[in-house]
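The values are calculated or read from the model by the stated rules, or taken from the named source; none is laboratory data. Owing to the predicted nature of the structure, the values given are computational and were not obtained by experimental measurement. Using ideal geometry, Cβ is built from the backbone for each residue, glycine included, and neighbour counts are taken over all protein chains shown.
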């Protein structure tokens, strides 16, 4: 990577000259390397990966811009992206993290409900992106059940089959796909703007006390998919869900469907990391089968 390439791209994208005075590595990511660039009285956050991952960064920038349209939850604004040498990069607004979540989660819940009320007339999105490092297909689809069956569960279980997940898990997941409409009796999802990968590692609190979300896997889908992901690894708290439910009441059927939505993420984790995620996917699939028998 040539830092001069990035300086030039930032300068052209912001219409302000930018010269790096200082760069600091930032830890915490498992897919990209990250750093903070300081100079010319400004600061930026940059992520780096192999040059062939430029599409991933371009999709991230587009996703952040899409989330910003809702004018609900704060996101870091994308500045530019490109390739320098053997590395692709994305430059984002630098936001100072470190605020306390205490007293902020209610505001965050209300803001997420507001973001979910930014809707589309179809499910999907204008481009593919990634969920973690896995490609995520988002072809525009009129019906949610069709979208979720084909582009979420079928895509992941076929990949998992190639990676050696158990036959019983494959069969159970395929049965769930075949009977997917059984989970939506009396419930018609709206095509809400979603973060798409809303776990505790992808939100923070600024030093100003403002909630912020980042690293999206953006698309338009059932809002319950975001809520389910937020519960998968914990970290959001009762105040968050109470405030969300007060702003936009959650359907009673969510208590079952959240396992349906998290099956997608656990299958993806199996495809990325293997290990115990296979048995977790099996347990979730069996739990869902019990709901439709």
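At a glance:
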{"quantity": "From 54, 64, residue being under 17 Å from residue 213 (Cα atoms), within 25 Å of the chain's Cα centre (by Cα), outside the structural domain of residue 113 (by TED's automatic domain parsing) and modelled with pLDDT of 95 or more", "calculated": "64"}
{"quantity": "Given (1) farther than 17 Å from residue 168 by Cα; (2) modelled with pLDDT of 95 or more, number of the condition residue 237 does not satisfy", "calculated": "(2)"}
{"quantity": "Residue that is surrounded by 16 or more Cβ atoms within 10 Å (Cβ to Cβ) and in a strand (DSSP E or B), where the choices are 173, 130", "calculated": "130"}
{"quantity": "Verdict on residue 91 being touching a residue at least 12 places away in the same chain (Cβ under 8 Å), part of a strand (DSSP E or B), more than 16 Å from the chain's Cα centre (by Cα) and surrounded by fewer than 18 Cβ atoms within 10 Å (Cβ to Cβ)", "calculated": "no"}
{"quantity": "Matching residues, the range 210-239, being over 12 Å from the mean Cα position of the chain (by Cα) and part of a loop (DSSP other than H, G, I, E, B)", "calculated": "210, 222, 233, 234, 235, 236, 237"}
{"quantity": "The range 171-189 residues that are at negative phi, paired with ones that are assigned to a loop (DSSP other than H, G, I, E, B) (beta carbon under 7 Å, 6 or more apart)", "calculated": "179/292; 182/292; 187/251; 187/253; 189/222"}
{"quantity": "Looking only at the range 261-278, and only at residues there that are surrounded by 14 or more Cβ atoms within 10 Å (Cβ to Cβ) and closer than 18 Å to residue 168 by Cβ, the one that is farthest from the chain's Cα centre (by Cα)", "calculated": "278"}
{"quantity": "The range 1-41, residues that are at pLDDT below 90, surrounded by 12 or more Cβ atoms within 10 Å (Cβ to Cβ) and under 15 Å from residue 94 (Cα atoms)", "calculated": "26"}
